[in-house]
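Undergrad: Sharing a structure below in structure tokens format, with a few things to ask.
Derivation of every value follows stated rules applied to the coordinates shown; laboratory data play no part. Because the structure is predicted, anything quoted here is derived from the model rather than measured. FYI the Cβ positions are ideal-geometry reconstructions off the backbone, even for glycines, and counts take in every protein chain you see.
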Amino acid sequence: MNKLRVVIAMSFLSVNSAAILAQPTEEGLTPHARHSSDWPNYSFDYSNSNHNPFGKAISRQTAPLLHRAWQTFNDSQWRPGAPPTGFALESAIGLRFRSTVVGVISLPLVIDGTIYYVDELGTVFARDAKTGMITDPQKHWTTTLVDPDYTATPKPASPDLYYTAPAATQTHIWIRSSVNGRVHAVRRMGGQEEDFDPNTPGIQPYHVPPDLPLSSNLGEPVIVHVDANGRVVDALSDAGAGHPILLISEQNVILQSALLSGGQAQTGIITALDITDPHHVTQFWRTSTIDINPATGRLYGSGASAGSGLAVDTTRGWIFGGTGQNAIAPYTGYPDPANAPAGYVDRADSVYAIDILTGRFVWSNQFHKNDVFDLNHPVPTGPNRLDGPRDSDVLSPPVLFSGCDRGECRDFVAAGSKGGLFRAIDRHTGQTAWERQIAKPSGLGAIQAGAAYANGVIYVAGFEGIDDGFADANFNAQGSKYFNAFFATFSAQFWADVENTRDDARVDTGMQVKLFALDAVTGKSVWRFSDGSDFVLLKAGAALRHVSIANNLIYVTSSSGELFVLDSHSGREVFHDQTMDLNHEFGLGLSSPHHAGMNGGVAIADGMVFVPYGGQNEPSGGIIAYSVDWERNR
């Protein structure tokens with residue numbers, strides 16, 4: 001049965017006939033994106049629009065003809081040896097690897113006909129995007145990133161893992177790892193990894209920051225070229241003209257909180273590295289999301305992870321990101337600001353703006369107050385909590401767009417929270433413009449996926465338990481199946497339960513995705529359906545990575561390994577596919593199917609659709625590349 005409802009009325013201009021909605025401008029596009037149909041950044045452009053305006057090959061008419069042109073699965077032939085074992089997370093939460101090369105969670109880049117992607121264990125692939133093959137030995141290669149932390153530690157917490165997309169310059173692919181936060185640079189020609197410490201034996205990645213353990217990174221980094229005024233330089237060819245090239249990335253406190261309870265307090269950190277000379281990287285600036293209390297010389301608190309991924313305002317010279325909750329109450333009587341110590345700024349659960357040149361905060365806008373949550377002392381995070389939401393990080397990548405309403409034109413930045421709140425903010429002032437509750441909070445969702453923006457409409461995906469009791473039945477609450485959501489997400493049975501949307505009278509199974517189309521200037525709903533609702537409902541688990549759009553087609557992926565392609569005007573499904581059932585493939589003994597999750601989003605480039613697949617729990621998968629099968633249309 002079709003999971004989508006029939007549209008009875010929809011008009012993009014009917015929401016506000018006086019609105020004149022701005023189109024994407026040249027400044028919002030990276031140099032790669034301006035001149036090709038590539039997918040050169042995680043969210044396509046500096047604005048994180050997730051919109052490829054050049055992707056015209058796939059249309060409403062041809063999308064039903066999509067087929068798998070090529071795909072990979074646990075491609076271990078390129079990494080000889082045995083998969084890692086004997087690490088702490090293996091015994092603590094059952095994290096095991098069936099192969100030396102496993103699934104792909106981070107989105108690939110597609111540049112000049114080459115696709116670049118990295119599997120969860122750190123093998124980087126450069127392949128011909130059309131075929132998935134090596135057709136040019138210089139451009140196409142395989143490189144396994146070094147992992148000195150793993151090899152040097154008798155009982156490591158984990159091998160370094162890779163959950164975030166790479167970033168590219170003209171000469172290198174840059175990747176920041178997700179456990180230890182190491183920065184790796186690989187030459188685009190030949191695939192050689194750079195050594196940042198020639199005085200130490202073996203290839204050494206760049207250690208950022210060097211003074212903190214488990215510098216976990218889960219938000220996509222961005223590379224910008226700036227002039228002396230902090231403005232983004234338009235062309236990569238200007239790199240040799242004295243302009244610094246900065247790699248800006250974030251650090252969260254999730255692993256530190258989970259594995260080093262009682263250790264050094266940590267806070268979210270945003271770091272800019274000068275990578276102008278890729279052989280001699282230096283720190284340009286470093287900023288913490290929680291300030292130092294001048295009265296004590298210590299942090300005001302801990303938490304406020306930085307991990308949303310970053311958007312770049314090329315005119316103002318600002319970057320935008322999001323933060324997580326406080327791990328401890330920053331002061332007695334929190335959150336009453338009357339009790340706050342002098343000088344304290346609460347940036348938890350916020351969208352922030354930072355000056356690219358200085359690293360100083362320009363403003364922050366807080367989504368949720370009173371969100372204090374410690375992984376080691378969890379409290380219920382379900383929608384029935386009266387003083388919630390809790391664990392409601394703003395960790396969806398911010399999206400930049402502009403629009404005019406009745407003659408008033410503004411620049412916006414918008415993002416969503418795990419509390420289910422999606423908010424658009426005036427980019428200049430930091431003040432809220434509008435907001436919508438998209439889905440119910442759970443401590444896992446409700447919004448993690450980045451939104452997509454095109455033609456004055458913003459497409460937002462949230463997810464929630466089909467039953468309100470889903471979250472508390474599964475994690476964080478007394479008597480729940482898992483101690484906290486961190487442990488739950490590493491369980492194959494948990495994701496099988498998330499995928500199980502059958503009407504079985506169980507509150508602990510089944511999550512669903514809600515996809516909204518909103519007027520970008522007013523936040524009003526664009527879609528209207530026959531049952532009175534204003535969203536597309538997909539009973540397909542969780543939507544963990546960004547929505548994408550090209551040529552009036554919306555691409556949504558889910559934790560149940562499903563790809564949905566929808567008509568942006570009607571919400572009608574025009575294509576659907578699903579990955580293999582790992583429970584059946586490997587005989588996992590689970591109570592229901594567990595398909596390999598599509599948890600990395602979608603890239604649309606060169607007339608093709610590229611979808612990574614794999615999960616952190618049973619991490620098997622790879623890449624699926626779709627193209628139009630013209631033979632079926634004859």
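Undergrad: What nm distance separates the two modelled labels at R98 and Q71, each placed 7 Å from Cα along Cα→Cβ?
TA: In this crude label model, R98 to Q71 measures out at 1.3 nm.
Undergrad: Figure the gain on full extension for H584 and I203 (residue separation times 0.36 nm, minus the Cα-Cα span) and round it to one decimal in nm.
TA: Contour length minus the Cα-Cα distance gives 133.2 nm.
Undergrad: Normalized C-alpha radius of gyration of the chain, against 2.2 N^0.38 Å?
TA: Working it through for the chain, the quotient is 0.89.
Undergrad: Which entries in the list K481/K539; K155/K418; K155/K539; K139/K418; K130/K440; K369/K514 go over 30 Å, if you measure between the two C-alpha atoms of each?
TA: Distance filter (> 30 Å) returns K155/K418; K155/K539; K139/K418; K130/K440.
Undergrad: Which whole-number percent gives the relative contact order of the range 124-187, counting Cα pairs below 8 Å spaced six or more residues apart?
TA: 20 percent
Undergrad: Of all DSSP beta bridges located in the chain, what percent are antiparallel, nearest 5?
TA: So the antiparallel bridges in the chain amount to around 95 percent.
Undergrad: Suppose we look only past 23 Å in the calculated P(r) of the range 382-489. What percent of the Cα-Cα pairs does that tail hold?
TA: 34 percent
Undergrad: How high is the FRET efficiency from H576 to N339, r the C-beta distance, R0 35 Å, rounded to 0.05?
TA: Rounded to the nearest 0.05, the efficiency is 0.10.
Undergrad: Apply the a/c threshold of 1.5 to the C-alpha gyration tensor of the range 507-634 and tell me whether it is rounded, prolate or oblate.
TA: Oblate.
Undergrad: Could you give the size of the charge dipole of the chain about its Cα centre, using +1 on the Cβ of each K and R and -1 on the Cβ of each D and E, expressed in debye and rounded to the nearest 20?
TA: Here the chain has a charge dipole of around 720 debye.
Undergrad: Mind running the shape call on the range 279-393? Use the C-alpha gyration tensor, a ≥ b ≥ c as the square roots of the eigenvalues: rounded below 1.5 for a/c, prolate if a/b tops b/c, oblate otherwise.
TA: prolate
Undergrad: Each residue of the range 562-575 in turn: what ³J(HN,Hα) in whole Hz from Karplus with 6.51, -1.76, 1.60 and θ = phi - 60°, glycine and Pro shown as x?
TA: 10, 10, 10, 10, 10, 5, 5, 7, 10, x, 6, 6, 10, 7
Undergrad: Which FRET efficiency, nearest 0.05, do T522 and Q283 yield, Cβ-Cβ r, R0 60 Å?
TA: So, using R0 = 60 Å, E works out to roughly 0.90.
Undergrad: Would you mind getting me the FRET efficiency between L537 and D291? Use the beta-carbon distance for r and R0 = 56 Å, nearest 0.05.
TA: 0.85
Undergrad: Label points 7 Å out from Cα along the Cβ direction at D211 and T153: separation in nm?
TA: The two pseudo-label positions are separated by 2.1 nm.
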